[in-house]
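Since the structure comes first, as structure tokens, the remarks are kept for the end.
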């Protein structure tokens, strides 16, 4: 990938969740924290620092760096469990059993790197849910692989063009730490409405004309 920008694997989950979120972080270099991002960072720090043992008696490497020269990817896996000679990535997530397509796409990108590095075929990966201590299997079928490759191509196009996709302005924005930077006018308007609603309640409705 001479002359090509290496795509961080972390950007793939961001793009799959919201292309604008990905662009704000990796094109505009904008990042804000909220409780979810702080907890996520602490979680991954613990995974990197603590030694994780497989309940199945298999070799596990935490914080393993992976890359793909063919796809121009670079990043790290929370953990990689070896079933004989076959490495399988494991992604640690908060919550009991929550998973999303974005998580699966990120895992698939990790697996594609591992396949190139170890010259093997990986059929499945796992999401480990911290609160329930349960695993969810992610089957790396052709559909998921195709979607992952498409996301990688779209991220590269976005970075090369320096374009900022439009905001989605839906429920995904509610817990996004970048919402104030992504939709500043909408955020201010929402804050103003909350403020004037509080004043209206204190004044018995006299401020309702400002809403």
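Check the stretch 115-123 and report whether any residue there is in the same structural domain as residue 18 (by TED's automatic domain parsing) and closer than 21 Å to residue 21 by Cα.
Taking every residue of the stretch 115-123 in turn, none turns out to be in the same structural domain as residue 18 (by TED's automatic domain parsing) and closer than 21 Å to residue 21 by Cα.
Take residue 109 and tell me if it is buried (at least 17 other Cβ atoms within 10 Å of the Cβ) and either within 16 Å of residue 12 (Cα to Cα) or not assigned by TED's automatic domain parsing to the domain that holds residue 78 (or both).
Numbers: buried (at least 17 other Cβ atoms within 10 Å of the Cβ): yes; either within 16 Å of residue 12 (Cα to Cα) or not assigned by TED's automatic domain parsing to the domain that holds residue 78 (or both): yes.
The answer is yes for residue 109.
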Legend entry - Counted residues, the stretch 16-51 - those being under 21 Å from residue 114 (Cα atoms) and modelled with pLDDT of 80 or more: 1
Inset, instruction - For the stretch 112-211, please list each of the helices (runs of 4 or more DSSP H) lying entirely inside it that holds at least 1 residues being modelled with pLDDT of 95 or more, within 22 Å of the chain's Cα centre (by Cα) and surrounded by 12 or more Cβ atoms within 10 Å (Cβ to Cβ). - result: 142-161
Inset, instruction - For residue 93, work out the one condition from (1) farther than 23 Å from residue 18 by Cβ; (2) touching a helix residue (DSSP H, G or I) at 6+ places or on another chain (Cβ under 9 Å); (3) buried (at least 17 other Cβ atoms within 10 Å of the Cβ) it doesn't fulfil. - result: (1)
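The values are calculated or read from the model by the stated rules, or taken from the named source; none is laboratory data. Note that the coordinates shown come from a computational prediction; the quantities given were computed from them, not determined experimentally. Glycine gets a Cβ as well: all are built from the backbone with ideal geometry, and neighbour counts include every protein chain shown.
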